[in-house]
Amino acid sequence: MQEVTLDIPVSADVALLWRDDRLYLLDQRLLPRREVFIECCDVQTTAEAIRAMVVRGAPAIGIAAAYGMVLAARDRYARDRAGWREALQADMQILAAARPTAVNLFWAIARLRERAAGLGDGDPVPALLGEAMAMHRQDRADNQRMGGFGAELIVGPTAVITHCNTGGLATGGWGTALGVIRSACQQGKISMVYADETRPWLQGARLTAWELARDAIPVKLMADSAAAARMAAGGVGWVIVGSDRIAANGDVANKIGTYGLAVAARHHGVKFMVAAPTSTIDMQTPDGAAIPIEERPAEEVLQCAGQRTAAEGVGAWNPVFDVTPAALVDAIVTERGVIERPDRARLAAHMAAD
Ligand code: MRU
């Protein structure tokens, strides 16, 4: 993958950038130390960037895949003006194989496939690029709406706990859970954001804290294992997280550690909110047990900051997401509004409403 430095001010708002007929992805693996981009000129590089965690966070993965489809269609059309649509199937499979849990990836591929199917003869790129850009813009707008709905639930001033990264880097902008926190902060409702480090990739330490510090939102980092003690100490009104996939019964897949947070929150009487766009709700997946949970290499746990920390010969279990049962969720917030105490019927009603 080709690393490049762009002559633009770097922020979460430019984490995904279409410029000069290619996709640039701010390399999240290197933040906050280095602010460089990976240049994606074809679908293979885009899929590899998703797989290798250059870009992460469910909505951001979906948007990257949408641009990946544009790159794929451009190449296929240049090679075969009659058979490009057929050939695109193989590229969809490459993208779909990049990561298994975030349903936004599959949602985005399906949306571009449908757009491609509806096109006539001629160059498909302008229409597909228009679709990808519209999805990108829409995600940011949806997050801002979601932020408003979520903020309404919060009685402040209060501290909140968040996990993993759910901000502009992980989305088309503003963020899911971090979007709620940003909106609530604008209303003076947030006294402190406690951000879990989020082992093993440290999304909280490297990404969430980076975003919040840049926005001058008060943030304290804590080890993941400190969260229950922080709740016991008092002053925390909400745990607010995002999601990679929400099943039809309201079970929530999110970064490993989320389930434990939800259990601790219920024990301490702290409310638990999941902020996610409807593109993260997968009505085809009946419940959490059916959500594919990605397992990544053991080395990610056996080391810290590139240094091996475990003794030689030790193995590791490294599922990178877990499932929080719907019964532990007080509210799911989407761009359409709030689903309180989510269950199958409430989710179905929410998804049916426009
Ligand atoms: O493995 P990652 O970094 O892609 O995981 C990201 C998360 O789990 C986020 O919390 C999730 O996508 C929430 S919405 C941005």
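Within straight cross-link reach of Lys189, meaning Cα distance under 20 Å, which aspartates and glutamates are found once same-chain residues fewer than 8 apart are removed?
In chain and number order, the partners are Glu152, Glu211, Asp215, Asp330.
Can you tell me the orientation of helix 125-153 relative to the chain, as the angle in degrees between its alpha-carbon axis and the longest Cα principal axis, to the nearest 10?
So the inclination is approximately 10 degrees.
Per-residue ellipticity at 222 nm for the chain, helices alone: DSSP H runs ≥ 4 residues times -39500 (n - 2.57), over residue total, nearest 500 deg cm²/dmol?
Numbers: 11 runs with 135 residues, N = 354.
Result for the chain: -12000 deg cm²/dmol, rounded to the nearest 500.
Whose amide H sits under 5 Å from the amide H of Val219, counting only residues 5 or more places off or on another chain, with H placed in the peptide plane?
The answer is Val193.
Which angle between 0 and 90 degrees, to the nearest 10, do you get for helix 58-79 versus the longest principal axis of the chain when only C-alpha atoms count?
So the helix axis and the longest Cα principal axis differ by about 10 degrees.
Expected output is a single nm value to one decimal: the length gained when fully extending between Thr5 and Asp215, i.e. 0.36 nm times separation in residues minus the C-alpha distance. What is it?
Details: separation 210, 0.36 × 210 = 75.60 nm, distance 2.28 nm.
Going from the current span to full extension adds 73.3 nm.
Out of every Cα pair in the range 236-332, what percent are spaced more than 18 Å from each other?
Values: 2375 of 4656 pairs.
Everything past 18 Å amounts to 51 percent.
Please list log₁₀ I(q)/I(0) at q = 0.15 Å⁻¹ for the range 288-354, using the Debye equation with identical point scatterers on the alpha-carbon positions.
-0.67
Find the eigenvalues of the gyration tensor of the Cα atoms of the chain, then list the square roots of 5 times those eigenvalues as equivalent ellipsoid semi-axes, largest first, in whole angstrom. The partial results should precede the final answer.
On the way: eigenvalues 209, 106, 77 Å².
Rounded to whole Å, the semi-axes are 32, 23, 20.
Mind checking the log10 I(q)/I(0) for the range 1-68 at q = 0.13, 0.22 Å⁻¹? Debye, one equal scatterer per Cα, no solvent, two decimals.
Evaluating at q = 0.13, 0.22 Å⁻¹ gives log10 I(q)/I(0) of -0.28, -0.87.
Taking the Cα centre as origin and putting +1 on Lys and Arg beta-carbons and -1 on Asp and Glu beta-carbons, what dipole magnitude results for the chain, to the nearest 20 debye? Intermediate results must be reported in sequence, preceding the final value.
Numbers: 36 positive and 41 negative charges, 130 e Å.
Rounded to the nearest 20 debye, it is 620 debye.
Could you work out how far helix 177-186 tilts from the main Cα principal axis of the chain, as a 0 to 90 degree angle to the nearest 10?
60
Quick check: with the 1.4 Å probe, what order do Glu211, Glu197 take by accessible area, largest first?
Glu197, Glu211
Whose amide H sits under 5 Å from the amide H of Val239, counting only residues 5 or more places off or on another chain, with H placed in the peptide plane?
The answer is Ile161, Lys271, Phe272, Met273.
Measure off 7 Å from each Cα along the Cα-to-Cβ vector at Ala110 and Gln138, then give the distance between these two points in nanometres to one decimal.
Placing both labels 7 Å beyond Cα along the Cβ direction yields 1.3 nm.
I need the semi-axes of the equivalent ellipsoid of the range 61-198: take the C-alpha gyration tensor, multiply each eigenvalue by 5, square-root it, list largest first in whole angstrom.
Details: eigenvalues 292, 44, 17 Å².
After scaling each eigenvalue by five and taking roots: 38, 15, 9 Å.
Simple spin-label model, 7 Å along Cα-to-Cβ: Glu312 to Arg51 in nm?
The answer from the label model is 3.0 nm.
Mind pulling up the Rg/Rh value for the range 47-123? Radius of gyration and Kirkwood radius, both on Cα. Intermediate values should be presented prior to the final figure.
Numbers: Rg = 12.3 Å, Rh = 12.5 Å.
Across the range 47-123, the Cα-based Rg/Rh ratio is 0.98.
With the chain treated as a Gaussian network of Cα nodes joined by springs under 10 Å, which of Ser191, Ser279, Ser243 yields the largest mean-square fluctuation?
Ser191
Quick one: if you stick a label point 7 Å off each Cα along the C-beta vector at His268 and Glu294, how many nm between them?
2.8
Calculate, for Ala349 and Arg34, the FRET efficiency according to 1/(1 + (r/R0)^6) with r their C-beta to C-beta distance and R0 45 Å; round to the nearest 0.05.
Values: r = 46 Å, r/R0 = 1.03.
E(calc), rounded to 0.05, equals 0.45.
May I ask you to rank Tyr67, Tyr77 by accessible area, largest first, using a 1.4 Å probe over the protein chains only?
Ranked list, largest accessible area first: Tyr77, Tyr67.
State the percent of C-alpha pairs, over all pairs in the range 146-352, separated by a distance greater than 32 angstrom. All intermediate terms of the calculation are to be shown ahead of the outcome.
On the way: 2799 of 21321 pairs.
Tail fraction, whole percent: 13.
Cα atoms only: what Rg and Dmax, in Å, come out for the range 2-140?
My reading of the Cα-based Rg and Dmax gives 14.3, 47 Å.
Among Asp343, Asp251, Asp142, which one shows the highest mean-square fluctuation when the chain is modelled as a Gaussian network with alpha-carbon springs under 10 Å?
Asp343
The values are calculated or read from the model by the stated rules, or taken from the named source; none is laboratory data. The structure presented is a predicted model; accordingly, all values stated were derived computationally and were not measured. Please note: Cβ atoms are built from the backbone with ideal geometry, for glycine as well, and neighbour counts cover all protein chains shown. Surface accessibility is based on the protein's heavy atoms, side chains included, excluding ligands, DNA and RNA. Shrake-Rupley method; radii C 1.70, N 1.55, O 1.52, S 1.80 Å.
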